[in-house]
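Structure first, then comments.
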Amino acid sequence: MSLQDITARITKAETAAGRLTGSVKLIAVSKVQPDERVQAVLEQGHRCFGENRVQEAAGKWPGFMEQFADIDLHLIGPLQTNKARQAMELVSSIHSVDRPKLAKTLARLAQEIGTCPDLFIQVNTGEEDQKAGILPADADVFIAECRGLELPVQGLMCIPPVDEEPALHFALLAKIAERNGLQGLSMGMSGDFEQAIALGATHVRVGSAIFGERVRPQE
Ligand SMILES: *Cc1c(COP(=O)(O)O)cnc(C)c1O
């Protein structure tokens, strides 16, 4: 696969779903990929990337940002409150807002810094113990709480369980977003982004299908 192939498949999925071309944003997930691969995708003109970890992003992206204008970086992995400031100064979107303590920290820092990245609330649609995210039953209250803190909540994000039909999880996420009046849906990865687009994804997070298998696994 290549960036071009993925872009073509996204366009096709948009058309099949009766959606406008370009309505889905491709976040190229560059976590643990060697710099040469990331550089190659930047040289093809792509500017929207996703990273899982603040530390790794902070090591890798300031250099690329000096070389390439208009990089749009998204944090898609768990965020500890003590890394929140660093994340807010580096990325344009955070997809992993998942608990009141983090929401309060982001709100306080947004006041202090004067801006805030676009935010997505992560929903643990599979109710998995090991996975981050607010439980579906608690989502409405948490969304209201974030709005009460005047956070710029753009939408919801989910990572379906590996062994379940992802479409059920995408549909559930879309339903929670709709009843809360949220437009953004961050869902779909290398194996299922077309299904996610059919169910309304506005942001797909695609890593290995663009860059190849990750060289070293993340623990
Ligand atoms: C790694 C990761 C992805 C990309 O996964 P691929 O299967 O390589 O496309 C998407 N979303 C999140 C949250 C990730 O951690």
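What follows draws every value from the coordinates through simple rules; no lab data is involved. Here the structure is a predicted model, which is why all the values come from computation and not from measurement. Every residue, glycine among them, receives a Cβ derived from its backbone with ideal geometry; neighbour counts consider all protein chains shown.
Key figures for this structure:
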{"read-out": "Zone residues, segment 26-62, relative to A69, backbone N less than 19 Å from point 7 Å out along Cα-to-Cβ", "value": "42-49, 62"}
{"read-out": "Cα-Cα over 28 Å, subset of K25/K83; K12/K83; K131/K175; K12/K175; K12/K60", "value": "K12/K83; K12/K60"}
{"read-out": "Mean Cα-pair separation over length for segment 47-145, i.e. relative contact order, pairs under 8 Å, 6 or more apart, %", "value": "22 percent"}
{"read-out": "Which of I197, P161, I121, positive extreme of dipole for the chain (C-beta unit charges)", "value": "I121"}
{"read-out": "Nearest-0.05 FRET efficiency for A171 and C116, computed from C-beta distance (R0 30 Å)", "value": "0.55"}
{"read-out": "Inter-centroid distance (Cα atoms) of segment 98-129 relative to segment 1-76, Å", "value": "22 Å"}
{"read-out": "Scaled radius of gyration (Cα, divided by 2.2 N^0.38 Å) that segment 1-73 gives", "value": "1.20"}
{"read-out": "Nearest-20 debye value, the chain charge dipole, Cβ charges on Lys, Arg, Asp, Glu", "value": "320 debye"}
{"read-out": "FRET efficiency for D163 and A16, using Cβ-Cβ distance with R0 set to 30 Å, rounded to 0.05", "value": "0.70"}
{"read-out": "Segment A137-S208, length gained on full extension (0.36 nm per residue, minus Cα span)", "value": "22.4 nm"}
{"read-out": "Two-decimal Rg/Rh across the chain, once Rg and the Kirkwood Rh are taken from alpha-carbon atoms", "value": "0.94"}
{"read-out": "In order through segment 90-96: 3J(HN,Hα) via Karplus (6.51 cos²θ - 1.76 cosθ + 1.60), integer Hz, x for Gly, Pro", "value": "9, 10, 9, 9, 10, 9, 10"}
